[in-house]
Amino acid sequence: MMSMLAQYYKTKTDDKQAAKTAVNVSDIDSEGFDSTLFVKKLLDKVSLEELMRKDRKLSEEIKKLDTDLQMLVYENYNKFITATDTIKKMKKHVEGMEGEMKDLTENMDKIAACNDVINDNLAPKRSKIEKLSSVNRMLRKMQFLIELPSRLEQCLEMKSFAVAVKYYNLANHILKQYSHLPSFQNIHERSMEVVVKLKQHLKDALSEPASTHSILEENVRLLLDLDEAEADVRRDFLNGRRKVLTDILSMELKDVGITQNLKDLNSNFISKFQQTVRVHNQSFKSNTGLIEFTRELFNQYFKISKKILLDGYQNVVNMNGMEQSSMTDLKSAVLMFAVDLFVVHARLPEAALSDKISNVLSDAVRQYLTVNVKFIKNKCQDLISNIAKFKPREQATLSIINEASNEMLTSFETLISHYKIFIDMKDVKLIETKINLFKSWIKSYLVGLLFNVMDMIGKCACPHSIVSISKERVGNAETTPVGALMLSRLAIMIGNEVISQVQQLLTDASNNDYFMGGKVIEGFHQVAGVMVVHYIEQSGLTCGHFIRAGMERDWLSMDVPRGEGKHVTILTDETNKIFSELVAILPQGIRRSHSNESLQSGTATTISNAASPFIMDGLSSDMNYMMKSFNKKLATFRIKSPKDIQVRSVMMEILKITCKTFEEYVRLLTFGKNGFQQLQVDVAFLKMTWQNQCGVDEHAISSLLNEVQASTSERCLEPTPLDPKVVANLLDKKFSKK
């Protein structure tokens, strides 16, 4: 059927498709279709039910094709009717066309005849008209030349500079050609006076801040049109723009924040600079002078921008501290600076501004570190000073140390988390090359800060350890003994806990493994030992005062002992308070690392004779001589920082100093029998009390107090000791009362 339609409408089919259709006799749409063969195949292969479906399908297709044929016939009939109507209309209009064409030809002939008559009549006068027209044109030109100066003045008043330049250029070559004639020379001189003013107006406009891009470009073009040398015009243009840009850089900064100040500066300076570069590139052929112009101005710009970034951030931190808003302001300013300056660098790479831009960005980042590290340092100094001056009260001292440690760690964490913003700027142009440098800076600044904190703690201790039984206190007067002990514990916490957490924060922020170094950790442990020595020294000094007060009595004429002396009771009360402080601040088992032999045996400090005057008021010259000898002896005594900074070891060092002071005082006195026995009771009381209260080594305390007893025996006229049972009974009565 499709082939029949194609044949009817004379449409061509593909030769290959036609050949394929001709061969296929079973295809109902093929030209070689064989109905008999087709029906036979259906009867052989298809069931009755399928034959019925095939019959219905063929019937539907036949109906559809009939409908399509009817539609085609209808459409062709309509086209035929339309074509017939069109032909009738054309025939009607063409019938009168020949007459009209004939009339048109006749009219054209008449017009040509009239034209010939007119030309013949006007021919004698045409030459006269041409001569008069030439004279008229010459007179107009002369009038224009005569009026040129006044016209230029008028254009100057109306600021129609382009029109003035156009008038001048039209007349200039004529005036120069006939300048030997007085009249023309006069016109030329008057015109040049106006042109000089015009040039000055054009040059002045180059230094106007309000001049737009189009005005600048037009003024440069007009100056060049006035035969100004290109080098001179370029010089005047750059000088004018230099004045505008320098005035912008000279503007005072407002108190509106870092980002706003930098935004105001860039919106004025960089936009005007980019305008200058565009006009220059469009007006001049080379960049001669523009590179130096750019470098000179941006050297000034970098100074101003550094002042905004550096001083501005310093002021913000001074007012607000390490707040997120301060960091956000600086971050926005740094990003704005990098983006705006990258555009300038891309537009004019010959100026080689990239290194200076990177240096400003680096200075801003370094300023962040410097300012915040200084802020943290001052904060740590306040914390350490407050702890150093701490006096025992009811609140728990360990909680104060924990608060100080946590506050320091929070400051470090804030510093690192804010600084991570700069490390994450690796995709920002002109900053990407500095990221590794930024990473190294944060580590070095933190290490330096930790050493500063270490030094702050160390300076709270005495300049050297001193044992003295004089009335004068030596060392750092502002650091209380309990303050020194608290600082020792704080140093240990920083070395053992804070540093490791800071290292982890650095690692997370930069995706690199950071290690602060063993010297930092070891340094805090050594400082902890120094502060413990300070505590031991001051506590021993306090105990020495109680011993001195108790020993200032007549030991030769003393009564029979009835119990321990009052000064011994006061001394044990003091040692009990010291022990309570140690328990509250130094939990058991805190150990320090040691890197050399001196630390393994405990840090020891020799006493300075000059710093330990041992002259007491009211003593005889012989006694003073003995005191000087005692000072020399004390000069060889060494206070050791315990290998293990814990309660028992520190307490033992304090008791050693106390016993040593006790022994040396005994050697300055002379005892009678009763005095010797009283001291025997006091020593026994101290031995029992210290073993019970302080939990120290029994053998070590016994050895120290036995030396005191032995020294007393040497200084006694009649060293007759009490029976141990009597001493025990006296002490039992005392302890039973408690």
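The values are calculated or read from the model by the stated rules, or taken from the named source; none is laboratory data. From a predicted model like this one, the values you see are computed outputs, not experimental measurements. Counting neighbours? That spans all protein chains shown, and the Cβs are built from the backbone with ideal geometry, glycine included. All accessible areas refer to the heavy atoms of the entire protein, side chains included, with ligands and DNA or RNA removed. Shrake-Rupley method; radii C 1.70, N 1.55, O 1.52, S 1.80 Å.
Apply the Karplus parameterisation 6.51 cos²θ - 1.76 cosθ + 1.60, with θ equal to phi minus 60°, to every residue of segment 108-116 and state each ³J(HN,Hα) to the nearest whole Hz, in sequence, with x for glycine and proline.
These are the phi-based 3J(HN,Hα) values: 5, 5, 5, 5, 5, 5, 4, 4, 5 Hz.
For segment 165-215, give the percent of accessible area contributed by carbon and sulfur heavy atoms, probe 1.4 Å, rounded to a whole number.
Roughly 57 percent, rounded to a whole number.
For segment 106-231, what is the Kirkwood estimate of the hydrodynamic radius, computed as the reciprocal of the mean inverse distance between distinct Cα atoms, to one decimal in Å?
One decimal place: 18.0 Å for the Kirkwood radius.
Rounded, prolate or oblate: which fits segment 652-691, taking a ≥ b ≥ c as square roots of the Cα gyration tensor eigenvalues, rounded meaning a/c under 1.5, else prolate when a/b beats b/c?
Oblate shape, in that a/c is at least 1.5 and b/c is the bigger or equal ratio.
Starting from 0.36 nm per residue, how many nanometres of slack lie between LYS64 and ARG667 once their C-alpha separation is accounted for?
Length difference between fully extended and current span is 203.0 nm.
Taking the simple approach of a point 7 Å from Cα along Cα-to-Cβ for both ASN378 and PHE451, what is their distance in nm?
2.3 nm
5 Å is the cut-off here: which amide hydrogens, built 1.01 Å from N in the peptide plane, fall below it relative to SER30, excluding neighbours closer than 5 in sequence?
none
In segment 330-428, what GluC sites (Glu not before Pro) fall in a loop by DSSP, with at most 15 other Cβ atoms inside 10 Å?
GLU394
Amide H of PHE671: which non-local residues (sequence gap of 5 or more, or other chain) have their own amide H closer than 5 Å, using H built in the peptide plane?
Under 5 Å from the amide H of PHE671 lie the amide H atoms of CYS716, LEU717, each far enough along the sequence or on another chain.
Could you tell me the calculated FRET efficiency between ASP559 and ASP723, based on Cβ-Cβ distance and R0 = 25 angstrom, to the nearest 0.05?
The computed FRET efficiency comes out at 0.90.
Per Stokes-Einstein, at 37 °C and 0.692 mPa s, what whole-number D in µm² s⁻¹ belongs to segment 190-280, with the Kirkwood radius over Cα pairs as the hydrodynamic radius?
Using the Kirkwood radius from Cα pairs, D works out to 229 µm²/s.
So what are the ³J(HN,Hα) numbers for segment 283-299, from phi and the Karplus equation (6.51, -1.76, 1.60; θ = phi - 60°), rounded to whole Hz, Gly and Pro as x?
Each residue of segment 283-299 in turn: 9, 10, 7, 10, 9, 4, x, 5, 5, 5, 4, 5, 4, 4, 5, 6, 4 Hz.
May I ask you to evaluate 6.51 cos²θ - 1.76 cosθ + 1.60, the Karplus curve with θ = phi - 60°, for each residue of segment 653-664 and list the ³J(HN,Hα) values in order in whole Hz, giving x for glycine and proline?
Along segment 653-664, the couplings run 5, 5, 5, 4, 5, 4, 5, 5, 5, 4, 5, 5 Hz.
Suppose all protein chains stay in the model; what accessible area per residue would a 1.4 Å probe give for segment 120-203, in Å²?
In whole numbers, segment 120-203 has 71 Å² accessible per residue.
Based on the Cβ-Cβ distance of GLN282 and LEU398, what FRET efficiency does E = 1/(1 + (r/R0)^6) give at R0 = 51 Å, to the nearest 0.05?
It comes to 0.10.
Subtract the Cα-Cα distance of ASN136 and ALA231 from 0.36 nm times their separation in residues, and report this length gain in nm to one decimal.
Taking ASN136 through ALA231 to full extension adds about 29.9 nm, to one decimal.
Past 32 Å, Cα to Cα: identify those pairs from LYS263/LYS374; LYS254/LYS443; LYS307/LYS429, in the order given.
With Cα atoms farther than 32 Å apart: LYS254/LYS443.
Net charge within 9 Å of GLU228 by Cβ-Cβ distance, Lys/Arg positive one each and Asp/Glu negative one each, not counting GLU228 itself?
Net charge around GLU228: -4.
Between LYS254 and LYS391, what is the spin-label point distance in nm, taking each point 7 Å from the Cα along the Cα→C-beta axis?
It works out to 5.3 nm between the two label points.
Multiply the residue separation of GLU100 and GLU407 by 0.36 nm, subtract the distance between their alpha-carbon atoms, and state the gained length in nm to one decimal.
Extending this stretch completely gives an extra 99.4 nm.
Using only alpha carbon positions, build the gyration tensor of segment 51-172, then give the equivalent ellipsoid semi-axes as the square roots of 5 times its eigenvalues, largest first, whole angstrom.
That gives 80, 38, 9 Å for the three semi-axes.
Could you please report the charge total around GLN274, scoring K, R as +1 and D, E as -1 over all other residues with beta-carbon less than 12 angstrom from its beta-carbon?
Cβ neighbours under 12 Å give a net charge of +3.
Just grab the label-to-label distance for ARG366 and SER150, each label 7 Å out from Cα along the Cβ direction, in nm (one decimal).
7.1 nm
Out of ALA112, LEU122, SER160, whose Cα points farthest toward the positive end of the dipole of segment 31-162 (charges: +1 Lys, Arg; -1 Asp, Glu; placed on Cβ)?
Working it through, the farthest residue towards the positive pole turns out to be SER160.
Distances over 15 Å make up what percent of all Cα-Cα pairs in segment 659-738?
Counting pairs separated by more than 15 Å, the tail of P(r) holds 57 percent.
Using r as the Cβ-Cβ distance of VAL343 and ALA210, and R0 as 22 Å, what FRET efficiency do you calculate, to the nearest 0.05?
0.40
Check the straight Cα-Cα distances from LYS64 and name the aspartates and glutamates below 19 Å, setting aside those fewer than 8 residues away within the same chain.
ASP27, ASP29, ASP55, GLU75
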